[in-house]
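The values are calculated or read from the model by the stated rules, or taken from the named source; none is laboratory data. Just so it is clear, the model here is predicted, and its values are computed rather than measured. Heads up, the Cβs are rebuilt from the backbone with ideal geometry, glycines too, and the neighbour counts pull from every protein chain shown.
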Amino acid sequence: MSDLEPSEIEPSELEPSAGLSAAAATFSAYAPAPESRSIVSIRDRYGLWIDGESTDAEGGATFASIEPATGDVIARIADASAADVDRAVLAARTAYETTWRDLSPSARGRHLFRIARLIQERAREFAVLESIDGGKPIRESRDVDVPLAAAHFFHHAGWADKLDWAFGGGESPRPLGVAAQIIPWNFPLLMASWKIAPALACGNTVVLKPAETTSLTALLLTEILTEADLPPGVVNIVTGGAATGAALATHRGVDKVAFTGSTEVGRTIRRATAMTGARLTLELGGKSAHVVFDDAPIDQAVEGVVRGIWFNQGHVCCAGSRLLLQESIAEEFLEKLRRRMELLRVGDPLDNNTDIGAVNSEEQLARIRELCAVGVAEGAELVQSGCELPDRGWFFPPSLFTGVDTSSRIAVEEIFGPVLVSMTFRTPEEAIAKANATPYGLAAGVWTANGARILWMAQRLRAGVVWANTYNQFDPTSPFGGMRESGFGREGGRHGLEAYLQFGPPRGGPPRGGPVPGGPLPGSGDRRALR
Amino acid sequence: MSGLGAPKTYKLYVGGAFIRSESGRVAPVAGPDGTVAARVCEASRKDLRDAVTAARTAQPGWAAATPYLRGQILYRVAEMLDGRQEQFIDELEAGGMQTDDAAAEVEAAVDAWIWWAGWTDKLAQVLGAVNPVAGPFLNVSTPEPTGVVGVVAPADRPLAGLAELLAPVLCGGNTAVVLASELSPFAPLTFGEVLATSDLPAGAANLLVGSTKDLAPWLADHHDVDALEISGVTDEASARDLLVRSAHNLKRVARTDGARTPRTAGEFLEIKTVWHPARL
């Protein structure tokens, strides 16, 4: 890999007579293929989105949104206070009671179909903005995040008027009311879609809080919501940091909290919703095992492992971050993996050739560095790609630990960065024991050519999603979510709808609305699901 | 009281054995006339921990049993219960129920075990799915048991209430630690004898009686309990406290009231989705 810009290459070097070494240099000279920024216009300031209007936060408070690839402040964004969250919840409640709840299901569906279409039409704009704002490679935001976001709206649009057929037993499900949704920074638009689409399809209204470092695509989405004639207040967006999230998660006017983020914050929200009585689904952390047997097609498995850990800088809750190699192929596999790791291109997220973009925030970069230092101190061997990193912005090279002790911190804690830890096993039983030796249970991968072994493994891996001979595949029809401390509830498909519906006869309890001291009995909307 | 002419000391049912409390505590329990109806071993925190260990040990085997076998065993529970109706009616009366109510309670319990016996081999079809993803993959979602479930049974429906909460938990392949009615403990503890003679593996269901107010929080605190069924908790403050305590290991907490829908069993099932390429 070379830093040379095409213009820096001397003409003489391009002459055939310059010899083999020069030809090789020319061949490897890198020509960037940047996506143009001109398709997006980033405003200096962004407000909250409440009741169909952009509005300042209380007292005009703002925070800076920083581009991870440069460290530059690209916009100032309204920092919602508890009072602003109150306003947003009230707007959502009013919209629920006056328009959305009583709108015909097919009309709800049509709004969602239109949103899906409009996202598709502005896909490039969303992709570029996502990569600027969050640091992910344009190839991923263009080919994964944005198309899947549109697909989620399209899939759920069709559910809106078919809910009576979803669960059988003659049970007519009903919406819950106001859904508070708190999403992470790793897939900003996609997570917004995962949350908003099913909530709206089921007849709920929404207050969404994007992550502090990645608010812009959610705010761009408001233009589409307006264009799709979504009634004001059906979706409200409150931007801000942890205080905003806490105000929303603990708000007594919400009927449902859906959170995607760390297990630690998930526990806090569990305790908070115990007090408010809101229903809860949690999609939390992971330390997913990626198991490779000696009969696996090795080159495909290497690509699968690359996709598992180096997709989206490793900022993926279901990243295949613990590689478990059968002992007999470990050496050969690691050699191929190291070579493949060297070829990953780290750099400008807007470059179409970039494989690994910028780490989302300075704070996250510090955490990745800290855990890698811990790994080295614990005695594991660290190999990192020799790629050059850009001299500004937050970047971290793809990294691989070998000789990792199963109880070491890097083998147990979620790093949430492009860092893979590798261990070995001898028998399938040992692979299962090691794979399941974690309090998490989000995802797992297995590579083997033996069909019976795939099914045997798939039945025993304690994980909500098992990718066999593939990894990191997502689809709106496919339920996603964890076991154990990776959270509860599913997103996607028929199973994901349950998070936004209640069944059976309505139970008594105080009407919900503004802040209610004391709150109703947990699960008052529906005895069944305290989750 | 005629059925209790030779009052026995009621023992806890843990790991397939009838045990006295490790604490040695035995409490006299009064019948409706105010006199001591019988003595009951009172479960301690250590008994609860032992019961969780027994449930954890039994769980993989019970989950691995075929749904057909699990269904036959749950039906066997109904048969054994039905065959001892008179004793259970007497014991429910000793616990304070009127005769008619006690007969209805036993009948309802038998009915619940039969209803859930028929669900074991249908849950995966009704709750699972083949998902039509947009790509060359086979994508299948299936329910799997959550693991060890703590059940707080209702105090006022000692036998049917227990059946309606325990049967759906066992149905899906979970094992359970049940806090049975402390107001009417005789019938639920004798019910252990039904479980013990129904081919249910030892430890799959464990029955404790003691101070539910003390035991339930310990169950919520226990790190090796995966889920709680708290339909038997009647006061708001206790329910909240259990939810808060459940946060440390993110227990699933449900309050199904034993509703007759497969989603009741689904509260104690985890959906696992498996992807595999389908292409050359």
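Points worth noting:
- Lone unmet requirement of (1) buried (at least 17 other Cβ atoms within 10 Å of the Cβ); (2) more than 16 Å from A:Leu323 (Cα to Cα) for A:Met423: (2)
- The set of residues in segment B:236-249 that are among the aliphatic types (A, V, I, L, M), buried (at least 18 other Cβ atoms within 10 Å of the Cβ) and either touching a Pro at 6+ places or on another chain (Cβ under 9 Å) or more than 7 Å from chain A (Cβ to nearest Cβ) (or both) comprises B:Ala239, B:Leu242, B:Leu243.
- Qualifying residue in segment A:196-206 (condition: farther than 16 Å from A:Gly109 by Cβ, outside any strand (DSSP E or B) and in contact (Cβ under 8 Å) with a residue 60 or more places away in the chain): no
- Residue within segment A:411-423 that is in a helix (DSSP H, G or I) and over 19 Å from A:Ala458 (Cα atoms) present: yes
- Residues of segment B:63-74 that are surrounded by fewer than 23 Cβ atoms within 10 Å (Cβ to Cβ) and out of contact with any Leu (no Cβ under 7 Å at 6 or more places or on another chain): B:Ala63, B:Ala64, B:Ala65, B:Thr66, B:Pro67, B:Tyr68, B:Leu69, B:Gly71, B:Gln72.
- Residues (within 7 Å of chain B (Cβ to nearest Cβ) and touching a Phe, Trp or Tyr at 6+ places or on another chain (Cβ under 8 Å)) located in segment A:439-474: A:Gly464, A:Val465, A:Val466, A:Trp467, A:Ala468, A:Asn469, A:Thr470, A:Gln473
- Annotation note: Cβ proximity below 8 Å between a residue of segment A:451-467 that is modelled with pLDDT of 95 or more and a residue that is of a type in the set (Phe, Trp, Tyr) (sequence gap 6+ or interchain) occurs for A:Arg453/A:Phe293; A:Gly464/A:Phe480; A:Val465/A:Phe480; A:Val465/B:Trp275; A:Val466/B:Trp275; A:Trp467/B:Trp275.
- When residues of segment A:264-293 are limited to those that are under 17 Å from A:Gly464 (Cα atoms) and assigned to a loop (DSSP other than H, G, I, E, B), the one nearest to the other protein chains (Cβ to nearest Cβ): A:Leu284
- Here segment A:103-157 is the region considered, the condition is being touching a Lys or Arg at 6+ places or on another chain (Cβ under 8 Å) and of a type in the set (Lys, Arg), and the residue that is farthest from A:Gly357 (Cα to Cα) is A:Arg124.
- Of the residues B:Ala102, B:Ala108, the single one that is more than 15 Å from the chain's Cα centre (by Cα), buried (at least 21 other Cβ atoms within 10 Å of the Cβ) and either in a helix (DSSP H, G or I) or free of Cβ contacts under 8 Å to residues at least 12 places away in the same chain (or both) is B:Ala102.
- In segment B:141-162, residue nearest to B:Gly258 (Cα to Cα) [restricted to those that are touching a Ser or Thr at 6+ places or on another chain (Cβ under 7 Å) and surrounded by fewer than 24 Cβ atoms within 10 Å (Cβ to Cβ)]: B:Pro154
- Looking only at segment B:252-280, and only at residues there that are assigned to a loop (DSSP other than H, G, I, E, B), touching a residue at least 24 places away in the same chain (Cβ under 8 Å) and under 25 Å from A:Trp467 (Cα atoms), the one that is nearest to the other protein chains (Cβ to nearest Cβ): B:Glu267
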